[in-house]
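Here the structure comes first, spelled out in structure tokens, and everything after it is commentary.
Just so you know, all these numbers are worked out from the coordinates, no wet-lab data involved. Please read all numbers here as calculations on a predicted model, not as lab measurements. Here the Cβ is made from the backbone with ideal geometry for all residues, glycine too, and neighbour counts use every protein chain on show.
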Amino acid sequence: MHAILAYPETAAHPTPRRRRALAASALAVAATLVFTIPGASARPGPDGFSDLVEKVKPAVVNIATTRRAPTQGTPSQFQLPPGLRGSPFEEFLKRFGQPGPDSDEDGEPSGPGQALGSGFLIDAGGYVVTNNHVIKGADKVEVTLSDGRKFDAKVIGRDDKTDVALVKVESDKPLPFVPWGDSDKAKVGDWIMAVGNPFGLGGTVTAGIVSARGRDIQSGPFDDFLQIDAPINRGNSGGPTFNMNGEVIGINTAIYSPNGGSIGIGFAIPASVARPIVEDLKTKGHVDRGWLGVGIQPMTPEIAQSLGLMEPEGALVLNVTPGSPAAKAGMKQGDVVRSVDGKPVKEFRDLARLVAGAGPDRSVTLNVWRDGRDVSTSVSLARMPTDQTASAEEPARGVPNARTAARLGASLAPLTREARERLQLPEDAKGAVVVDVKREGAAAQAGLRPGDVIARIGDKTVTGPGDVIETLNAAGKENRKSVLMLVKRQGSDRFVAVPLAKNVG
């Protein structure tokens, strides 16, 4: 590297020759700096992907499905997950198996037709991995290899909760396949490559990087997506995401888009999630998951503080199903599960994945925060039962005998027989009904709304508005910053940390 030396006799009044020499030296230094700074390139990466494409492309397949007109009650092939329908994500997050000409604008099949997707071979015997939503409801599945060979495929098994499916083709010759990679080692910024069948244009290759990890797009209880920016579109569903070693680290599944086309935000099921599912489908045709029997919600800083925890980590238990493994182990509403067999539960959805992954008929040890201390609990997991849909309830209207809870910034009323019927609650349900919420009060800050039922406050079961008001006043005298409430809404329970208003007259 060149250096510029300024001598006393030339620094103040350099000669023209000296000025030219100084300028030349400065340019040399600048050039040296530009070309020696690591990462100077805007996006350094491989010289090309041609060798990788040649290696993996033969194992990537196009999938075409056909179906008859659906009968009433037949599940839709392109139906959005229940958690997304009716939500703001419904307009933006698109499942992108390519809909056929007889599909409506949301991709819902309105009659007989065809649809396209992608997949990849995982062994020479003809097993093909794809998305469940690509083959769901299909009467016929056809697989086309990159060399043009076509095969009728048999559905081996599918898993709606993770959107993974396995089909098989029969060939008299060994078929090309690609190996699984370790998605847990994929880092944000790593190069990746996607191959698939977007818009029916088979064998399309795109490249990009891992944009983020652990994305929850609210499509199911086991969301843990890789976010990638390699362009993927309708028809890429079920296709592989490769690392630079030609290993599958993800299954392309969804995109976030205002117009249905790629804007560089795609989601892939990590291989660490998909691979054990595929193995279960291959050996058993279905997936057996462990079941604990609790309803849970995320922790927030306010809830953590009210429970005496330093960090908002873990899964807060909303309710315990009677007769479930959790009930038999003595778990309680308000417990915070912090680990399963020593594996930390950082976010509440970690608990669902760890328990489901452990499988049924297995004993696990839970670390639970209860009554201000850690408790170790052994639970024998059962097999996960069929999901049940919670019934909706209507907001309370015209509930008499409302009382004002000034510290809460809301009006509360007793849970009368009429209110129970209106809210579709059991006859023995107890609590206080929220009938009005002040716009800038503590209840509004906590997200409470008319029709909510406060069933518990702190460690006290609520039998009426008086219990809530009394506990809030006592907490205010103790200078507590928040109070934990158990709130019932739309057939489900939820803990809410309510900040306490100050200087209330």
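Averaging sequence separations of C-alpha pairs under 8 Å and six or more residues apart, then dividing by the length of the range 290-383, give the relative contact order as a whole percent. Mind showing how you got there, number by number?
On the way: 213 pairs, mean separation 29.8, N = 94.
Relative contact order here is 32 percent.
For the pair GLN297 and ASP182, how long in nm is the line joining their label points, each one 7 Å along Cα→Cβ?
3.9 nm
Efficiency by 1/(1 + (r/R0)^6): what FRET value for ARG215 and ARG403, r their Cβ-Cβ distance, R0 = 41 Å, to the nearest 0.05?
Numbers: r = 44 Å, r/R0 = 1.08.
That gives a FRET efficiency of 0.40.
Sort HIS286, HIS133 so the one with the fewest other Cβ atoms within 10 Å of its own Cβ comes first. Mind showing how you got there, number by number?
Numbers: HIS286 11, HIS133 28.
Neighbour counts put them in this order, fewest first: HIS286, HIS133.
I need the shape label for the range 290-383. Rule: rounded when a/c is under 1.5, else prolate if a/b > b/c, else oblate, with a, b, c from the alpha carbon gyration tensor. Mind showing how you got there, number by number?
Numbers: a/c = 1.82, a/b = 1.58, b/c = 1.15.
Prolate shape, in that a/c is at least 1.5 and a/b is the bigger ratio.
Please go through the residue pairs LYS346/LYS477; LYS332/LYS481; LYS140/LYS282; LYS284/LYS332; LYS185/LYS328 and name each one whose alpha carbons sit more than 26 Å apart in this structure.
Working: LYS346/LYS477 33 Å; LYS332/LYS481 24 Å; LYS140/LYS282 19 Å; LYS284/LYS332 35 Å; LYS185/LYS328 38 Å.
Correct reply: LYS346/LYS477; LYS284/LYS332; LYS185/LYS328.
For labels at ASP361 and ARG449 in the simple 7 Å Cα→Cβ model, what's the distance in nm?
Going by the 7 Å Cα→Cβ label model, 4.5 nm.
In which sequence would VAL468, VAL375 go, from the one with the fewest C-beta neighbours within 10 Å to the one with the most?
Ordered from fewest to most neighbouring Cβ atoms within 10 Å, VAL468, VAL375 come out as VAL375, VAL468.
Label-point separation (nm) for MET244 and LYS460, each offset 7 Å from Cα along Cα-to-Cβ?
Placing both labels 7 Å beyond Cα along the Cβ direction yields 6.3 nm.
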